Amino acid sequence: MRIASWLDTLPAGRDAAVADDIDCFRAKARPFLSDELAEHHVARLSSHLGRLAAPLRRAVIGYTLYTRQIDRIQAAATKDFCRDGCDRPPVGCCNARHCDVFTPSDYLLYRPTGLSLELAGALARLQRAEDDSARQAGARHVQRYCPYLTETGCTLQLAKSPRCVHYLCQTLQTDLGQRYGAAGAAFAEAMAETAGRAVACCEDFTNPAVLAAAREMLSAEAARP
């Protein structure tokens, strides 16, 4: 299901904060989303999550706006490679628990902030909602590996963990460098750094350098004769 269509299926909660949330995100950079798509995204999630406190609600909205842009970048630059060139279909790089934001050791080693823990919990609930939608549409899940892996790929689009959404295997990183040159290598490096970083606060979930590198990579490709 397309992301916009899935957002429209989410049960409405409280609409009191929708206008304020739209204003909050209107000025934020989102190079891979149109104003129309972003406003619809914010409005639907703001209503669905209307009972959450503003800091958590906006953390969820901000993160999913980011992952939606990563999904668009991957559609343009990596998904074809993973579909046609991976030697482990449909598993690919999936790991049994990479969908989880935090591992048990993370709580002891990095002491995540309260808001980052709440964000992880909210994303887990959205993961289940995305997966339920895919199941209702007939998705057939693989019985091993990640609980969201199906015979045709992942059921998650917006609520992937930071580790999942940024991970690129070494083969794909090399391919990006070969296809896009230095700009592709810079994008792969930014993705790899973010996938491997410790998550202790909400700022660690995303990396603006990833979007900047992707913009440079895809702009250079579009400018080729």
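How big is the shadow of the Cα convex hull of the range 1-129, averaged over all directions, in nm²? Kindly include the intermediate steps, with their values, before the conclusion.
Values: hull surface 37.6 nm².
So the mean shadow area of the Cα hull is 9.4 nm².
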Open item on the list: With unit charges on the beta carbons (Lys and Arg positive, Asp and Glu negative) and the dipole taken about the Cα centre of the range 3-223, which residue among LEU117, CYS202, CYS82 sits farthest to the positive side?
Closed with: LEU117
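Just rank THR155, THR9, fewest to most, by other beta-carbon atoms within 10 angstrom.
Least to most surrounded, the residues fall as THR9, THR155.
If Lys and Arg each add +1 and Asp and Glu each add -1, what is the summed charge of the other residues whose beta carbon sits under 15 Å from the beta carbon of THR103? Provide the component values of the computation, followed by the final result.
On the way: positive: ARG97, ARG111, ARG163, ARG197; negative: ASP100, ASP106, ASP204.
Once positives and negatives cancel, what remains is +1.
Which value in Å is the Kirkwood Rh of the chain over different Cα pairs? Can you show the working numbers first?
Numbers: mean 1/r = 0.0547 Å⁻¹.
Here the Kirkwood hydrodynamic radius works out to 18.3 Å.
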Task: Environment charge at LEU172 (Cβ cut-off 13 Å; Lys +1, Arg +1, Asp -1, Glu -1) - done: -1
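Could you size up the charge dipole of the chain around its Cα centre, putting +1 on the beta carbon of Lys and Arg and -1 on that of Asp and Glu, and report it in debye to the nearest 20? Kindly include the intermediate steps, with their values, before the conclusion.
Working: 27 positive and 26 negative charges, 71 e Å.
Here the chain has a charge dipole of around 340 debye.
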- [ ] Give a residue-ordered list of calculated ³J(HN,Hα) values for the range 154-166 (Karplus: 6.51 cos²θ - 1.76 cosθ + 1.60, θ = phi - 60°; whole Hz; x for Gly, Pro).
- [x] 8, 7, 8, 10, 9, 9, 4, 5, x, 5, 5, 5, 9
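Mind pulling up the Rg/Rh value for the range 57-155? Radius of gyration and Kirkwood radius, both on Cα. Please report the intermediate quantities before stating the final value.
Working: Rg = 15.1 Å, Rh = 15.2 Å.
Expressed as Rg/Rh, it is 0.99.
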TODO: Can you tell me how much longer the chain between ARG2 and ARG88 gets when fully stretched, taken as 0.36 nm per residue apart minus their C-alpha distance, in nm with one decimal?
DONE: 28.4 nm
- [ ] Could you point to the residue in LEU7, HIS41, ALA220 farthest towards the positive end of the range 3-223's charge dipole, with +1 and -1 charges on the Cβ of Lys/Arg and Asp/Glu respectively?
- [x] LEU7
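Can you give the relative contact order of the chain as a percent, counting alpha carbon pairs under 8 Å and 6+ residues apart?
Numbers: 251 pairs, mean separation 45.4, N = 225.
With pairs under 8 Å counted, the relative contact order is 20 percent.
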Task: Residue-wise HN-Hα coupling along the range 203-219, computed from phi with Karplus coefficients 6.51, -1.76, 1.60 (Hz; x: Gly, Pro) - done: 5, 6, 6, 10, 8, x, 5, 5, 5, 5, 5, 5, 4, 5, 4, 6, 5
Task: Residue-wise HN-Hα coupling along the range 72-79, computed from phi with Karplus coefficients 6.51, -1.76, 1.60 (Hz; x: Gly, Pro) - done: 5, 4, 5, 4, 7, 10, 10, 5
Task: Calculated FRET value between TYR107 and GLU193, using beta carbons and R₀ = 30 Å, to 0.05 - done: 0.85
TODO: Report the local net charge at SER116: Lys and Arg +1, Asp and Glu -1, summed over other residues whose C-beta lies under 12 Å from its C-beta.
DONE: -3
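Read-outs: derived from the displayed coordinates by stated rules, not from any lab. What you see is a predicted model; the values in this text were computed from it and never measured. For neighbour counting, all protein chains shown are included, and Cβ atoms are generated from backbone atoms with ideal geometry for every residue, glycine included.
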